[in-house]
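Read the structure below first, then the notes.
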Amino acid sequence: MGQELAGGQIAFSASRLGKSSHLNLIMEVDSPTTPFVLGADRRRRVPEPLPVRLVTVADARLPAPRDMEPQLDAFYAGLWSFEREVGWPVPVYRAENFNIRFDVSDPPIRREDMRPLGIEVPSLADAEHKLIDHEIRYARQKGVNPGEESLLLLDPAGNWIEITESRGVI
């Protein structure tokens, strides 16, 4: 970087690539006339993206029995880092791209199909450790393509969930 000289001067030296010539530059640095005051940053804050994504093309709707909100909060918001949406009469959890909305009804719950809801997480190994630590039963699946793996489990409401690892586009 720069070398400080006497009298508030800073000397910079930069060489050109492939040549032995050097460019020397000396800059005068003035003392500040007013003291620096750090103020609050008034710019609008952009929230960080959530670490989970849903593998859907729109918001997902899942059935749930009444009085399951604490278990659903612990599973989706606590374990997988979804964000709980407030102001809804039913539990709604936000991922980076879409929401999961629960249709709350009295048991027995009638399900249209048994397809799992896909959830992408940053690390499948970390997800597996979370499941082991919370003693949640799951099945590890290997796909037909090399390196294609997922974890299949039930959420507290009895819905099938498939956890996969998100992969960046190369």
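Determine, yes or no, whether residue 163 is hydrophobic (A, V, I, L, M, F, W, C) and crowded, with 16+ Cβ neighbours inside 10 Å.
yes
In the stretch 123-142, which residue that is touching a strand residue (DSSP E or B) at 6+ places or on another chain (Cβ under 7 Å) and in a loop (DSSP other than H, G, I, E, B) is nearest to residue 73 (Cα to Cα)?
136
Exactly one of (1) within 29 Å of residue 47 (Cα to Cα); (2) more than 16 Å from the chain's Cα centre (by Cα); (3) assigned to a strand (DSSP E or B); (4) modelled with pLDDT of 95 or more is unmet by residue 71. Its number?
Looking at each condition in turn, residue 71 falls short on (3).
Quick one: residue 95 ticks every box in (1) under 15 Å from residue 166 (Cα atoms); (2) surrounded by fewer than 16 Cβ atoms within 10 Å (Cβ to Cβ); (3) among the small types (Gly, Ala, Ser) bar one, so which box is it?
(2)
What are the residue pairs meeting all of these: first residue in the stretch 66-89, first residue in contact (Cβ under 8 Å) with a residue 40 or more places away in the chain, second residue charged (D, E, K, R) and in a helix (DSSP H, G or I), Cβ atoms under 9 Å, and 6 or more apart or on different chains?
Filtered contacts from the stretch 66-89: 79/130; 80/130.
Regarding residue 158, is this residue of a type in the set (Gly, Ala, Ser) and either part of a loop (DSSP other than H, G, I, E, B) or not assigned by TED's automatic domain parsing to the domain that holds residue 75 (or both)?
Spelling it out, residue 158 is indeed of a type in the set (Gly, Ala, Ser) and either part of a loop (DSSP other than H, G, I, E, B) or not assigned by TED's automatic domain parsing to the domain that holds residue 75 (or both).
Keeping to the stretch 74-86, report how many residues are on the phi < 0 side of the Ramachandran plot and in a loop (DSSP other than H, G, I, E, B).
4
Going through 115, 53, 45 one at a time, which residue ends up being surrounded by fewer than 16 Cβ atoms within 10 Å (Cβ to Cβ) and closer than 20 Å to residue 160 by Cβ?
115
Identify, please: which residue in the stretch 127-159 is modelled with pLDDT under 95 and on the phi > 0 side of the Ramachandran plot and is, among those, surrounded by the most Cβ atoms within 10 Å (Cβ to Cβ)?
158
The values are calculated or read from the model by the stated rules, or taken from the named source; none is laboratory data. From a predicted model like this one, the values you see are computed outputs, not experimental measurements. Neighbour counts are summed over all protein chains in view; Cβ atoms, including those assigned to glycine, are modelled from backbone coordinates with ideal geometry.
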